[in-house]
1. Under 17 Å from the Cα of K346, which lysines turn up, not counting those fewer than eight places away in the same chain?
2. Rank N376, N78, N305 by mean-square fluctuation in a GNM of the chain with C-alpha springs under 10 angstrom and give only the top-ranked residue.
3. For the chain, modelled as a GNM with alpha-carbon contacts under 10 angstrom, which of G135, G95, G190 fluctuates the most?
4. Take the Cα pairs of the chain, get the Kirkwood Rh, then feed it into Stokes-Einstein at 10 °C and 1.306 mPa s and tell me D in µm²/s.
5. Can you give the accessible area of D197 in Å² (nearest 10), computed on protein heavy atoms with a 1.4 Å probe?
6. Output ³J(HN,Hα) for region 396-407: one whole-Hz value per residue in order, computed from phi by the Karplus curve 6.51 cos²θ - 1.76 cosθ + 1.60 with θ = phi - 60°, and x for Gly and Pro.
7. Whole-Hz Karplus ³J(HN,Hα) for region 132-145, in order, using 6.51 cos²θ - 1.76 cosθ + 1.60 and θ = phi - 60°, x for Gly and Pro?
8. In nm, what is the difference between 0.36 nm times the number of residues separating L61 and Y28 and their Cα-Cα distance?
Amino acid sequence: MRSHIIAIIAALSPLVMIAEDKKFEPNYDESLIPDYALPNPLEGVTQAKQWSAKRIEWLDLLGREMFGVIPKSFTDVNVSSLISSPDKTILNGRGKLRQLTIHLAGQDIKVSLFLPANASAAAPAPAFLGYNFSGNHSVFNDPDIELTNSWMRKKKDNRASAEDRGASSSRWPVERILTNGFALATVYYGDVDPDQDDGFKNGVHAQLGKPAPHEAASIATWAWALSRILDVIESEIVEIDATKVAVFGHSRLGKTSLWAGASDSRFALVISNNSGCGGAALSRRKIGETVSRITHSFPHWFCDNFDHYANNEDAMPFDNHTLLAMIAPRPLYVASAEEDRWADPKGEFLSCLHASPVYKLLGTEGLPATEIPQVNQPIHGQIGYHIRTGRHDVTDYDWEQYIKFAKQHLNP
Ligand code: GCU
């Protein structure tokens, strides 16, 4: 009897999967967007001096209801770091490569630092800090970049391979970054927490424990570790000006850079590249990826409380413009791609627009536009935005804008 039931369930499961897929059929039609009203990020705030208390309210709310708050056990962990390989000259003398290993909650987190040749304690460089998807060795083709031992998605035996040296270099224009006077610090996100729904048994969660429904899931953990890396930069890397670190991320790592920048105001500038649902895009538009879809496909990214808003966006006491508003008045850049409809470019733009009143109250120009610009027509105010031609990716065009924007705001 039992075997019959198992056989029936097995036979039905492909149908169940098809039904699930049907349930998640994305909408791309603007005319089908439901009417919605956004929460006012400035509710009850009329003066700039009231904002810092309001910002904490939003931080607590998005912490408890979306990303998960960092529990006390996280703040008690020891952070230590060591230089794991001596400085190496790269790019015909235009830069230096230094590698660090940070020990954090039982994990070895490898940081590759690319420093402009002339950066020094007397003249520290501003920097970009961002996670990579495929290991530090994929960012820049150098035989000395250490391979991570951490679990890696889409790889044979889930292991990093030397064959992938430089494989993601189109997303990381190291030479251009360095010759414009910036340093780059990059880290493989899987060194912190493997990107899999593993019941929080791996990465820093293995030591810190399974999160309660309001506690930090993977995105919050990745964001928290970015702050710990910034601690190390502040205390140990004299060639980087820690007051001028721009946090950068693409896609799920763009969601992460936004939450890192929103939670830790030491990040001087924040960049979201194609972060989409759960990042810069407004959830209430329900275009492309939705809350229901993302919590179903990636249950480990957000805290369990976020599940309450699947197909229930109007009940959200926030939307993602409040995530952006928490970064105010610091410079913020949001970038979309025309073909990346899954990430809802227009929703990313509207989020910037609706965060803008907070920037304005704090005495900055906010986003100097009211309509989404034409493709490849960037807007650079205190909030920067562009939609470029092409697909979901990080391109030279994106970096051209980020470097220009960061120069304008961080003056290297
Ligand atoms: C998926 C996911 C997105 C995410 C993206 C990425 O497409 O649905 O939310 O941004 O992966 O991180 O590459």
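The values are calculated or read from the model by the stated rules, or taken from the named source; none is laboratory data. What you are looking at is a predicted structure, and each value in this text was computed from that prediction instead of being measured. FYI the Cβ positions are ideal-geometry reconstructions off the backbone, even for glycines, and counts take in every protein chain you see. With ligands, DNA and RNA removed, areas are computed over all heavy atoms of the protein, side chains included. Shrake-Rupley method; radii C 1.70, N 1.55, O 1.52, S 1.80 Å.
1. K346 reaches K255, K286.
2. Of N376, N78, N305, the most mobile in the Gaussian network model is N78.
3. Maximum among the listed residues: G95.
4. D, rounded to a whole number, is 73 µm²/s.
5. Solvent-accessible area, nearest 10 Å²: 100 Å².
6. In residue order, the calculated couplings are 4, 4, 4, 5, 4, 5, 5, 5, 4, 5, 5, 5 Hz.
7. So the Karplus estimates, Gly and Pro as x, are 10, 8, 10, x, 4, 5, 7, 7, 8, 7, 9, x, 8, 5 Hz.
8. 9.0 nm
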